[in-house]
Amino acid sequence: MPTTSLIVFALLTNPFADSVISYDAGTGATDGYTDPTAAIGEPTRFTGEGVWPSVVSQFNPPFMTNELVSIGIGGELVLSFNEPVLDDPTNPFGIDLIVFGNTGFIDGSWPSGVVDGMFSNDGGQLEVSTDGETWVLVEGISVDDAWPTCGFVDSGIYDDIPGNETTNFTLSIDPRLTVDHVNGQGFAALHNYYSTSGGGVPVDLASTGLASISFVRITASPNAELSPEIDGVSDVAPQMPGDVDMNGVVNVSDLLEAVANFGAMPLGGPLADFNGDFMIDVSDLLTIIGNWS
Ligand SMILES: [Ca+2]
Ligand SMILES: [Ca+2]
Ligand SMILES: [Ca+2]
Ligand SMILES: [Ca+2]
């Protein structure tokens, strides 16, 4: 694609769900949280404007009615993407799609931020479709669940002004991480696991057998007891081969980071595994060298 077309393309597209196809609030959706367009576009980085302004952090989820849509028992929300979301094994961690709800970690040592379980993790199922007619359930996904959204890399937990450096809503948390890994840990440890990721529920489309999807359907089954909330859904950006620190160039910094972490890829990265085996080895070093800027 010529550069000008690429620029126009970039301006016309964003990595988030673009349209609401349908919404059925079901039974018991949270009062006021029934505008499905709240799930379109970028998830919330800063919440509570005019009420209780605060950054969205792992301990401080979004809570405004224009930020979230609630899906009651038996309800469903269908969203579409303008550009297909590909099952791309070269995405970081092999993750293709990220769903953002409104979970948070309970701060067991307020306000210093020590993880003591989660709140507002309300489950819900995720189905995907290429045409909006034939649906495939993504097994093992609980849509309103770990990981809580984090809006800024450089903010404190409960800051009342936005940070300067935004997190990356198209970069997932390491899918090998579980809440057990972080329970009892403080904000600094959490920060290391998140790195520049904005959190959310990581989804790998590989298990669906679909090469790409354009529609997502989020449901709360008629047997559910909780109503999930949805803030947004993102299409994961591919990683440039060899670019470990994702700064757009492949150079000695990337090579050194890979060499320093040779062996089993540490939980949370660095993103030096380019063949999806969660090992950083010679084949990954060759990918770095072979894509030198
Ligand atoms: Ca929730
Ligand atoms: Ca939202
Ligand atoms: Ca780099
Ligand atoms: Ca590897």
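Taking the Cα centre of each part, how many Å lie between the range 274-293 and the range 66-85?
37
Bin width 10 Å, origin at 0, all Cα-Cα pairs of the range 239-293: what percent of pairs per bin?
31, 61, 8
Mind listing which GluC sites (Glu not before Pro) in the range 96-180 are in a DSSP loop and have 13 or fewer other Cβ atoms within 10 Å? List each step's numbers first, then the result.
Values: sites: GLU127, GLU133, GLU139, GLU165; in loops: GLU133, GLU139, GLU165.
The qualifying sites are GLU133, GLU139, GLU165.
In the calculated pair distance distribution of the range 175-249, what percentage of Cα-Cα distances lie above 20 Å?
57
Nearest 20 debye, what's the magnitude of the dipole of the range 15-238 about its Cα centre given +1 on Lys and Arg Cβ and -1 on Asp and Glu Cβ? Can you show the working numbers first?
On the way: 3 positive and 32 negative charges, 59 e Å.
With only Lys, Arg, Asp and Glu charged at Cβ, the dipole is about 280 debye.
For a quick check, take a GNM of the chain with Cα springs below 10 Å and name the residue from VAL55, VAL179, VAL143 with the largest mean-square fluctuation.
Between VAL55, VAL179, VAL143, it is VAL179 that shows the largest mean-square fluctuation.
Report the GluC sites (Glu not before Pro) located in the range 219-278 that are in a DSSP loop and have at most 16 other Cβ atoms inside 10 Å of their Cβ, or state none.
Details: sites: GLU225, GLU229, GLU257; in loops: GLU225.
Taking the range 219-278 and a limit of 16 other Cβ atoms within 10 Å, the loop GluC sites (Glu not before Pro) found are GLU225.
Mean shadow of the range 15-238, computed from the convex hull of its alpha carbons, in nm²?
On the way: hull surface 45.0 nm².
In nm², the orientation-averaged hull projection of the range 15-238 is 11.3.
Which whole-number percent is the relative contact order of the chain (Cα, under 8 Å, 6+ apart)? Walk me through the numbers on the way to the answer.
Details: 760 pairs, mean separation 70.9, N = 293.
Here the relative contact order equals 24 percent.
What percent of all Cα-Cα pairs in the range 78-121 falls in each 5 Å bin, counting up from 0?
5, 16, 15, 13, 14, 14, 12, 9, 2
With charges only on Cβ, +1 for K and R and -1 for D and E, what is the dipole size of the range 239-293 about its Cα centre, in debye, rounded to 20?
Numbers: 0 positive and 8 negative charges, 10 e Å.
It comes to approximately 40 debye.
Read the figures in this text as sums done on the coordinates, not as results from a lab. Keep in mind it's a predicted model, so treat the numbers as computed, not measured. A quick note on method: Cβ atoms are made from the backbone with ideal geometry, for glycine too, and the neighbour counts reach across all protein chains shown.
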